[in-house]
Amino acid sequence: MEIKKPAAAGTLESSDAQVMIEPGDGKIELSLQSSVMNQYGHQIKATILETLERLDVTSAKLTVVDKGALDCTLKARVECAVFRSCDASESNIPWGGAVR
Amino acid sequence: MIPRPRPERFRLRRTMMFMNAQKPGLIKDAYIYGCDSIMLDLEDAVAENQKDAARFSLYHALKTVDYGDTEVIVRINGLDTPHWQEDVRVCVAGGADGIRIAKCESAQDVKTVEAAVEAAEKEFGVEVGRTLLMAALESPKGIMNAYEICAASERMFGVAISGGDFRKCMQTTPQRDGVDMLVARGQMLIAARAAGIQCFDTVFTNLDDTEGFEAEVLQNKAMGFDGKSLINPKQIRFVHQVFAPTEKEIMQAEKILAAYREQSAAGVGVFTVDGKMIDIAFIPGAERTLKLARACGMWEGDLV
Amino acid sequence: MINAVGREIPDFLLTNGKEVYQGKNYMDGKYIQKASPRTRRYEKPQESKIVDSLVDALKACGAKSGMTFSFHHHLRDGDFVVNMVMKAAIEELGLDNLTIAASSLGSAHDPIADYIEQGKVVGIQTSGIRGRMGEVVSAGKLPTPAIIRSHGGRPRAIEGGEVHIDIAFIAAPTSDCVGNCRGIGGKSDCGSMGYAMTDAKYADHVVVVTDCLVDFPNMPASVEAIDVDAVVVVDSIGNPKKIASAAARISQNPRDLMMAENVAKVIASTPYFKDGFSFQTGVGGPSLAANLFLERYMDERKIKMGWAIGGICGPMVELLKKGKVGKVIDVQDFDLDAVRSINQTPNHFEMSASQYANPANKGAFVNKLDFVVLAALEIDTGFNVNVLTGSDGVLRGAPGGHPDTAAGSKVCIIVTPLVRGRMATVCEHVVTVTTPGDCVDVLVTDYGVAVNPLRPDLVECLDNAGIPHVSIEELKNKAYSLVGTPDDLQWEDKVVAVLEARDGTILDVVRKIKPYQLDG
């Protein structure tokens, strides 16, 4: 999927993550802040990158502010931001396919 | 991925608790409070411009959270919105046990949703017929068409009344003795029983009014409701208490079932228990009582 | 050397007779030689000990660089005194190399962090350490490790001479002109002054700091004039709103209530729950709510609580007034209801920290305690509890009376949610051991109850009462399945704080945290 315009999903509430995405320069750039960085920093980064890979996103700039979100929430926020950036988030989502 | 057990059309639904599908902090373990069903809400609890985000959250919540024995129903947006079709897709793909049709007014509404659900089941490789349906009646028209709605599909497991919207249409306000909703409740109950499905009462929103809440729950039980919708875990305990069978009812049910097993093995179809005439018509009720008693932690045994 | 809870204690700390933790009641039967302060004789009559300023008081007590100053924490987050005294000593008198030995320190003491960074304050001894001070100490800015002690361990260390207090500063809500202090009757009331009493008796010099001078004699005195060198009157010793909160309210949170109810069920299933039983609770959500459910069982079985101790707040005072508890013995007051009640309501008494929890005297109150209900930041599969370091390894808590009550009580119950946000409360190994597992009996979470295998008697009680329970490993696995298994924190070698067990042996150390590398 191609990131066409900046988009965001999620909030800064506890247990949530705010994900902001914009078109990239041919690679994935991730800036991550987390309230549980020491213990889950690597896992959070891995989850975000895996999700992007499943969605076939190869070029993007992401800024993620995590407030202790679980993996399922992180995935949901990243996916929503990606689909919103292509104006494709309202219908025909590949549930169980690229989104899983 | 947590595999979910197959949804059951007829099961214990004393308490059905609403949860906002968008609140990550809440839904991950809503089931620990022990309600029978939870209802993840894509409708009124989610802002208009966040419906898309709520679906992603819902999908992952359905797939990763372990709900144990608690049933998971999703309230989708009304048929008059542009959202409901994608809502149906995500519910089926995510493996929700059932879909609650908001603002249901006619049998056609049920059939429209059913068609979309079936299409989604085929699309996502889900066993056709697996996803159940329930209808929320929120308007006078809905109440008038209650029976046809209840009978509209094999997937229909129950019907509920939604007091907030209903009272607005009827130009009335919550009354202490329930008279504002009395007829609507009664009509819906009759329709549900005639169609053979379950019936649930509306939420009680004033969390500070314990007396009013308890009075309403007692009236619900007396009128014959199967359960009640809730908005807060602290309401669960009282509803479970009220809808639990009494000691007397349990003992009676035990006697009936034990006697029935004995007698029917000997080829006898009608017999007396404590001076009352019992035949096969009493058995489903006795079984239901004991199942309910077991679920309430009041009885253990292998009669049922 | 590895101690009895499996923690590695560096050898350089084991000098001067310091040992590693060897289990509960290790020091029982041994002897302690008590220290005595060197105090000035004031034979010539004085009408008043009031001096004009803190600087004058410091001078009158011969304050010098390198000294140890002590403080109590009854003014909690509203305290002004620690900062005022240190400012006078460092900025006006030019002293340095000072050690602060407080019963606890908190968010009100952020300015001390500056003095640590400037090298003016070189030693910290306390129960609690939070805010900027916690960050600065965790970053290794002190030349020697901070010493963390429980509420019972501190009086033991002072009485036994391990801590020599040069000048004790006693913030007093009211004082007369010669230093008789009370915790009520002023404009910054704190109620009990239990944590100040040992300081007053064992320090070489004692300075009373008050914002409310009252007529002589201020009786009954919590700190007596016979121990006081000087009295300083200031505009304000603290912010009343942060000293004693408005009445502590019982939580309405359904999760807290659910856990509280299970706590009460567990208590009621034990044989110690009989007429005249004793009880202590913390002030956290589920801990306090347990009072409510316990009352119902007491009513049902027609029994009364014999006595209660601890930090006291409104709900316990309520029970006293209703006649459902015989006596309340109070070392600290958390809210205004408790402050107004102490020494006013019949049978609401004050006690010192030593009477409360000192393991080295001839029997503190905790030794006769039946039940204690406490919280935890973390608890591991050995039932060891951490209430000091956060998940990021930074100091941000306090052992308080936790280790003392856990050790002394017949049943110690920890109540906590299984996870907090993305933090597993029940884990494989706690970051820091503040209460050893052999003192912790039952864990109640929102996902189930676990009983320490060291207490088969309690397992039987729960089974007989039909209370389901699981192993603590199961709870840990559930926690990790919800939030994911965390990476281990990475530490440098430098020791920034030493955790003393209540008997003075070393329970654990806190090291400097390594800065986190995401791409490493």
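Coordinate-derived values only; no laboratory data. Keep in mind it's a predicted model, so treat the numbers as computed, not measured. Positions of Cβ are generated from backbone atoms using ideal geometry, with glycine treated the same way; all protein chains shown enter the neighbour counts.
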Long-range amide H contacts for C:Ile170: which residues qualify at under 5 Å (H placed 1.01 Å from N, peptide plane, sequence gap of 5 or more or a different chain)?
-> C:Val207, C:Val208, C:Val209
Per-q log10 I(q)/I(0), segment C:221-348, q = 0.13, 0.16, 0.19 Å⁻¹ (Debye; single scatterer per alpha-carbon; no solvent) = -0.60, -0.82, -1.07
Nearby aspartates and glutamates by direct alpha-carbon distance to C:Lys141 (threshold 13 angstrom, same-chain neighbours under 8 apart not counted) | C:Asp114, C:Glu117
Regarding segment C:254-489, what are the three Cα extents along the principal axes, ordered largest first, in Å?
-> 53, 40, 35
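Could you grab the Rg to Rh ratio for segment C:101-217? Cα atoms only, Kirkwood for Rh.
On the way: Rg = 15.4 Å, Rh = 15.4 Å.
Rg divided by Rh gives 1.00.
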When the charge dipole of the protein assembly as shown is computed with +1 on Lys and Arg Cβ and -1 on Asp and Glu Cβ about the Cα centre, the Cα farthest towards its positive end, among C:Gly276, C:Thr39, B:Val92, belongs to C:Gly276
Return the percentage of antiparallel bridges among DSSP beta bridges fully within segment C:254-489, rounded to the nearest 5 %.
-> 30 percent
Percent of all Cα-Cα pairs per 10 Å bin for segment C:1-143, counting from 0 up to the last occupied bin, reads 9, 29, 31, 22, 7, 1
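What translational D, rounded to a whole number of µm²/s, comes out for segment B:1-146 from Stokes-Einstein when the hydrodynamic radius is the Kirkwood one over Cα pairs, at 25 °C and 0.890 mPa s?
Values: Rh = 15.3 Å.
My calculation gives 160 µm²/s for D.
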Per-residue mean of other chain beta-carbon atoms within 10 angstrom of the beta-carbon, peptide C:420-426?
-> 5
Amide H contacts under 5 Å for B:Cys199, restricted to residues at least 5 apart in sequence or on another chain and with H modeled in the peptide plane, are B:Val159, B:Asp226, B:Gly227
Out of C:Val223, C:Val317, C:Val440 - ranked by how far each Cα lies towards the positive end of the dipole of chain C, with unit charges on the beta-carbon of charged residues - the top one is C:Val317
Distribution of pairwise C-alpha distances over segment C:280-400, 5 Å bins, in % | 2, 10, 18, 21, 20, 14, 10, 4, 2, 0
Of all GluC sites (Glu not before Pro) in segment C:4-78, the ones in DSSP coil with at most 13 other Cβ atoms within 10 Å are C:Glu43, C:Glu47
Quick one: if you stick a label point 7 Å off each Cα along the C-beta vector at B:Lys168 and A:Lys45, how many nm between them?
-> 5.0 nm
Relative contact order of segment B:15-242, defined on C-alpha pairs under 8 angstrom at six or more residues apart (%) = 17 percent
So what's the Cα pair-distance distribution over segment C:49-243, bin width 10 Å, in %?
-> 10, 40, 39, 10, 1
Taking placed amide H atoms and a strict 5 Å upper bound, the residues 5 or more places from A:Ile28 or on another chain that come that close are A:Ala60
Neighbour-limited loop hits for GluC sites (Glu not before Pro), segment B:124-180 (at most 12 other Cβ within 10 Å; DSSP other than H, G, I, E, B) | B:Glu127, B:Glu154
Using only the alpha carbons, work out the radius of gyration and Dmax of segment C:128-171 in angstrom.
-> 12.6, 31
Take the Cα coordinates of segment B:15-242, assign each an equal point scatterer, and use the Debye formula without solvent to give log10 I(q)/I(0) at q = 0.09, 0.10, 0.18 Å⁻¹.
-> -0.34, -0.42, -1.43
Qualifying trypsin sites (Lys or Arg not before Pro) for segment B:111-213 [loop in DSSP, other Cβ within 10 Å: at most 14] = B:Arg176
Taking the convex hull of the Cα atoms, report for the protein assembly as shown its projected area averaged over all directions, in nm².
-> 44.4 nm²
Straight distance only, please: which lysines reach the Cα of A:Lys45 with their own Cα at less than 16 Å, same-chain residues fewer than 8 apart left out?
-> A:Lys27, A:Lys61, A:Lys67, A:Lys75
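Assuming 1.002 mPa s and 20 °C, estimate D for segment A:7-85 with Stokes-Einstein, Rh taken as the Kirkwood radius over Cα pairs, in µm²/s. Numbers along the way, then the final one.
Values: Rh = 12.1 Å.
Approximately 178 µm²/s, per Stokes-Einstein.
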Within 10 Å, count the other beta carbons around each residue, average over each peptide in B:37-46, B:289-298, and list them highest first.
-> B:37-46, B:289-298
Aspartates and glutamates near C:Lys24 by alpha-carbon distance under 19 Å, same-chain residues fewer than 8 away left out - which ones?
-> C:Glu8, C:Asp370, C:Asp380, C:Asp404, C:Asp438, C:Asp441, C:Asp457, C:Glu500, C:Asp503, C:Asp508
Cβ under 13 Å from C:Gly400's Cβ, C:Gly400 left aside: what net charge do those residues give with Lys, Arg +1 and Asp, Glu -1?
-> +4
Per-selection Rg to Rh, chain C - Cα, Kirkwood hydrodynamic radius | 0.96
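How big is the equivalent ellipsoid of segment B:247-295 along its three axes, where each semi-axis is √(5λ) from the Cα gyration tensor, reported in whole Å from largest to smallest?
Values: eigenvalues 71, 25, 14 Å².
Equivalent ellipsoid of segment B:247-295: 19, 11, 8 Å, largest first.
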